[in-house]
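In what follows, a structure is listed as structure tokens, so that the remarks can point back to it.
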Amino acid sequence: MASSVSTAQERPSGAPPPERERARSRELSESALGRVFMAPSLLAMTLVALFPILYALFLSFFEFVGREQRGFAGLGNYAAQLTDPRYWDAVRVTFTFTVAAVALEFLIGLGFALLMNQAFLGRGVTRATILIPWVIPTVISAQIWFFMLNITPGFINAALGLGDFNWLGQRPWALISLILADVWKTAPFVALLLLAGLQTIPGDMYEAARVDGASAWQRFTSITLPLLRPAIFVALLFRTVDSLRIYDLPKVMTNGANGTETLSILVQNYIVDQPNPGIGSTLATLTFILVLGVGLIFISLIGRNLVIGEE
Amino acid sequence: MKSRRHVLATLAVLTLLSTACSGSSPEDSTGGGGEGEQGGGELVWAIGGAEAAVGGLHQQVTELWNEQNPDSPVRIEILPDAADEQRNQQALVLQAQDSEFDLLGMDVIWTGEYATNGWVASFEEERGQLEDAGVLPGALESAQWEEELWAVPYNSNAGLFYYRTDLIEAAPTTWDEAVEVCTAGAEEAGIAPFVGQGAQYEGMVVNFLEYLFGAEGQLINEEGTESLLLEGDAGRQALEFMVQSQADGFYAPGFNTMQENEAVAEFQSGSAACMRNWPSFYAQLVGEGEQAASSEVQDSTGVTTLPTFVDEGTTGVTGGFNIGVNAFSENVDAAKEFAVWAGTNEEAQLLLAGGSLPPVIASAYDELPEGDPTLGLVGDVLADEKTGSRPPAPTWNAISQAIQQNIFAAYNGEVPVEEALTTLNDEINTALGG
Amino acid sequence: MTTAPAPTGESVRRAEPATRRRQGRSTGPVARDTAGRRIGKSALLLVIFLWCLFPFVWLISTSLKNSTGALNSPNIFEGPFGLQNYVAVFEQDFFFNLRNSAIVAGTTMVVCIVIGSFAAYALARLRFKNKVLLLSGVLAVSLFPPVALVPPLYEVWRTIGLLNTYPGLYIPYIAFNLPLTIFILVTFFGTIPQEMEEAARVDGASPFQAFYRVVLPLAAPGVFAAAILIFVYAWNEFLLASTFAPRDLAVQTVPVAIASFTGAVAFQRPIGSITAACVIVTIPMIILVLIFQRRIIAGLTAGGVKG
């Protein structure tokens, strides 16, 4: 310390003291290092995603009839969609599905994770079993659930003795069937992330708490849940944005009938089936804004501190 | 420093990976035959479906052609099974104006779209040739748009009425009769009266149009500019029949989630008395072959043409495939020759008939192979005046969607008949007007 | 880092590697050995097994039946069983599709983890401006409906000549999976206290060595979890694969191949082949998961904290 004081006295008046100088140069290299570390990822993402996103945005401002461009429409496509009841139905269906599915996935996934975290005979097999639904391709799992739930031949109906219950052919059971199939398939995703999160909690904390006389529930709510928040955040965020864009499941199971037409089905309809690139891109952009909005709300409410750290 | 070394290592790995651009394929190991460059005159036919597989009917047709035309052989490029996927893959190539495909297996409803986009070559010059060869007028209609011929009909299709011969004595000729005998027969056996295609998809549109045409109605006018749904009583009659059937239980429970496969599964396991389905399912219901091994109605399946509402003749909605020629192909003339040949050559068409694919030339129906009653029935359907087709308008998908949404809602009792028809009429006009 | 002595009257501990406790690894709550709990737990396990496996059992049973008869009756255990569907699937050169999927998914996973870890480390540890903006941008990339991105991407790929190539598939996969990878890794890096790295730096390690030797091993659970998720995504992805490599067996992946199975005649759904292919496809995935799940729990025991 003394040396720096004496050197400070010897320095010309305008120059900063050497400690601060060293600190700033360390900061600069850290910043540069940060840029270098981020560069490959940013490069990959920009190269692939930026041009198509901008192109889709661009198309949404034009009017199309079939594949033919008919002229500049400005915000006309957006106005048309935002006043279309079919669009708002799709939004409602999508949000209902997302809230229900994510909530259930979280609860069941948490349960799975806590179970998988335990030491017991056959835990390896149990963990693998729990993860099986996740590894089956989405289209296939959608077909599996269709065949099981559909009234003909009625596997689930026969197994549960439900007779002729029309799971997929009536509201609201069609949507409930979708939620069921989605929860079955993706609860393992949540479980996996939460399990990894559970692994980062030191066992000593449980020990100390038990010594202090805390009950299992108290240990769960005061130790597990708070320390699991980062993993919960990631799991919820990505499950939410994925559910908002669900496509394969409703397409294969109900083709959007009986109150299951989600936003992505609407988008796909206009981009691929009809096609109408103008309306399709408009719907894609609206979906994007919606999903991004939800994602950003998530980040700002829960994630900011967790992710950015000591900033 | 270490970080730089690691970065370099990563880049090296990446470069290595990228050079392994693609793996080997079966053709490679057999000595670079197959793929490679197109030979001087080789034509590529992009078609999908069950018959496009190796050894299937379409390949037999190309083998027949290749024998006689060794300088412009046709090779099949197999597309996915679902018609929508086939259209997507063709559209990707055609939109890029690529010459990868020369010949296109076109579903009958794509003609207008392909024509308007300038993707296919015109066959107007060959029209006389086709008419002389006896191509059925209905089939020809599906290959034209705005009075110009854009493809050659290759095979046709039409729905038929299957019924249980052990429960129903005489095949019904009107829908009222059908309701009567099917319900009676079903009650006897404790099963459902009728299965068809009632899920919200294209198949339901076909079912609805069969009712509409059977009531002597039409969907749109000849020029393709206006909807005729509200003309006369046909539309109302058709839709009300559907509403009634669903409410009364003529339609089996679960009718509104059934596609072709669900319907046939019900019928073949003996759970339905009557069924509307395509001719191709006959083989899996009847007979000694391996196909019918799981059928429980092998000896009790009868098949006839669809009933109508007017007690006269029959009706149907034509399906099938046409052959179009890629406008950007490098071998347009040779490709057109093959297309015309495949659609008019008697031997080729009889090959199709032998495999239970309904042919498109009249003379083939005079020499049908034995053992398959469905082809003769399809011939009757195609000859009837009331039989129509789904208009191959460029905006057909929009029209189909409108029909799906409105008719499905109506027959399930969610929307009144009048309202559904009016909305549908408006939406069709919008789709055509653009 | 020593554990507190177990109070008397506590339940029996199961044996766990002592090293893991030393590193502060969680071993999970200890099981109490009462009979009631054991029955309860067995019942719970049974329910979970049924819930997870019932559809899979249906899948296997259907794959052993004839396509045309598989859906005749709602009885899973009925019907003639045979391996004809499996034979048929492999006759369609399914090996090539399995190989292609393995290469594409494997490459995607490795590259994503590598470059994602760098980015995640930067976001979690290094100081520089606009982190939130970058994070939001990273997230945004993966949110645009992929179906809308496919037509322009196809044009670009066609012009560059990346159609029907491995890079044509794994480059977009990497781009679309980086956001999830980065998010997972950032949160896991964030849970590791800074003191660990400072200790390593005091010992003379460079920032990169500190990252590589200290942070990465402790974040291993997150890394392996992310790895599985990326692999499964790339393995099962259909939209991009069917657009960029639809028919060429040199590159065609498994989901696209399954979509091209046909029945014997028009309109027939080849449910037998589809389910058989799905079972074939799931087995390597299960093996992979069995291996990786141990990694997620065990972490890397080498390296770790010094002193």
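Below are the figures for this structure:
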| item | result |
| --- | --- |
| Failed item, numbered, when A:I289 is tested on (1) facing another protein chain (nearest Cβ under 9 Å); (2) open to solvent by 40 Å² or more (accessible area, probe 1.4 Å); (3) more than 29 Å from A:Q199 (Cβ to Cβ) | (1) |
| Tally, over segment B:108-137, of residues that are in contact with a Pro (Cβ under 9 Å, 6 or more places away or on another chain), crowded, with 18+ Cβ neighbours inside 10 Å and either part of a helix (DSSP H, G or I) or at pLDDT 95 or above (or both) | 10 |
| Tally, over segment B:66-104, of residues that are over 24 Å from the mean Cα position of the chain (by Cα) and either under 24 Å from B:P359 (Cβ atoms) or surrounded by 19 or more Cβ atoms within 10 Å (Cβ to Cβ) (or both) | 6 |
| Residue pairs meeting the criteria (Cβ under 6 Å; at least 6 apart or on separate chains; first within 12 Å of another protein chain (Cβ to nearest Cβ) and more than 13 Å from C:L126 (Cα to Cα), in segment C:195-213; second open to solvent by less than 40 Å² (accessible area, probe 1.4 Å) and among the aliphatic types (A, V, I, L, M)) | C:R201/C:A210 |
| Identity of the residue in segment B:258-283, of a type in the set (S, T, N, Q) and open to solvent by less than 10 Å² (accessible area, probe 1.4 Å), that ends up farthest from the chain's Cα centre (by Cα) | B:Q268 |
| Residues of segment A:157-175 classified as closer than 27 Å to C:S42 by Cα and crowded, with 21+ Cβ neighbours inside 10 Å, total | 1 |
| Breaking point among (1) open to solvent by less than 50 Å² (accessible area, probe 1.4 Å); (2) more than 14 Å from chain B (Cβ to nearest Cβ), for A:L227 | (1) |
| Residue check for C:S206: surrounded by fewer than 21 Cβ atoms within 10 Å (Cβ to Cβ) and either outside the structural domain of C:A122 (by TED's automatic domain parsing) or of a type in the set (S, T, N, Q) (or both) | yes |
| Criterion violated by C:R127 - all others in (1) modelled with pLDDT under 90; (2) assigned to a helix (DSSP H, G or I); (3) within 30 Å of A:S300 (Cα to Cα) satisfied | (2) |
| Residue within segment A:239-246 that is within 10 Å of another protein chain (Cβ to nearest Cβ) and among the small types (G, A, S) present | no |
| Cβ-Cβ under 7 Å pairs, at least 6 apart or on other chains, segment A:114-142 side closer than 26 Å to A:D248 by Cβ, far side at pLDDT 80 or above and not in a helix (DSSP H, G or I) | A:V139/C:F238 |
| Residues of segment C:127-165 satisfying the condition of being among the basic types (K, R) and facing chain A (nearest Cβ under 7 Å) | C:R127, C:K131 |
| Some residue of segment A:48-62 being crowded, with 16+ Cβ neighbours inside 10 Å and touching a strand residue (DSSP E or B) at 6+ places or on another chain (Cβ under 6 Å) | yes |
| Hits in segment C:91-122 (condition: more than 15 Å from C:I174 (Cβ to Cβ) and either without any contact (Cβ under 8 Å) to a residue 40 or more places away in the chain or not hydrophobic (A, V, I, L, M, F, W, C) (or both)) | C:E91, C:Q92, C:D93, C:F95, C:N97, C:R99, C:N100, C:S101, C:Y121, C:A122 |
| Any hit, segment A:103-119, residues being polar (S, T, N, Q), more than 14 Å from chain B (Cβ to nearest Cβ) and part of a helix (DSSP H, G or I) | no |
| Residue match in segment B:231-238 (condition: within 14 Å of another protein chain (Cβ to nearest Cβ) and either among the β-branched types (V, I, T) or surrounded by 24 or more Cβ atoms within 10 Å (Cβ to Cβ) (or both)) | no |
| Only listed residue being modelled with pLDDT of 80 or more and small (G, A, S), chosen from C:A302, C:A259 | C:A259 |
| Residue match in segment A:95-111 (condition: at positive phi and either in contact with a strand residue (DSSP E or B) (Cβ under 8 Å, 6 or more places away or on another chain) or surrounded by 18 or more Cβ atoms within 10 Å (Cβ to Cβ) (or both)) | no |
| Qualifying helices (runs of 4 or more DSSP H) (wholly inside segment C:218-297; at least 2 residues being within 19 Å of the chain's Cα centre (by Cα) and more than 8 Å from every other protein chain (Cβ to nearest Cβ)) | C:220-236, C:239-244 |
| Residue check for B:G379: away from chain A (no Cβ under 14 Å), open to solvent by 40 Å² or more (accessible area, probe 1.4 Å) and among the small types (G, A, S) | no |
| 1 or more residues at pLDDT 85 or above and open to solvent by less than 40 Å² (accessible area, probe 1.4 Å): qualifying helices (runs of 4 or more DSSP H) within segment C:1-99 | C:35-63, C:84-91 |
| Residue within segment B:197-211 that is in the same structural domain as B:A283 (by TED's automatic domain parsing), in contact (Cβ under 8 Å) with a residue 60 or more places away in the chain, over 19 Å from the mean Cα position of the chain (by Cα) and at negative phi present | no |
| Residue satisfying all of: in segment C:147-166; without any contact (Cβ under 8 Å) to a residue 12 or more places away in the chain and open to solvent by 20 Å² or more (accessible area, probe 1.4 Å); farthest from A:L286 (Cα to Cα) among these | C:G161 |
| Candidates A:A2, A:A73, A:A44, filtered to the one that is of a type in the set (A, V, I, L, M) and at pLDDT below 85 | A:A2 |
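Here's the yes/no breakdown for (1) within 9 Å of chain C (Cβ to nearest Cβ); (2) within 30 Å of A:L149 (Cα to Cα); (3) in a loop (DSSP other than H, G, I, E, B):
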| site | (1), (2), (3) |
| --- | --- |
| A:V234 | yes, no, no |
| A:L249 | no, yes, no |
| A:V252 | no, yes, no |
| A:I265 | no, yes, no |
| A:G278 | no, no, no |
| A:L301 | no, no, no |
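The values are calculated or read from the model by the stated rules, or taken from the named source; none is laboratory data. Computed from a predicted model, the values in this text were never measured in an experiment. All Cβ positions, even for glycine, are placed from backbone atoms using ideal geometry, and neighbour counts span all protein chains on display. What goes into the accessible areas is simple: the full protein's heavy atoms, side chains included, and nothing from ligands, DNA or RNA. Shrake-Rupley method; radii C 1.70, N 1.55, O 1.52, S 1.80 Å.
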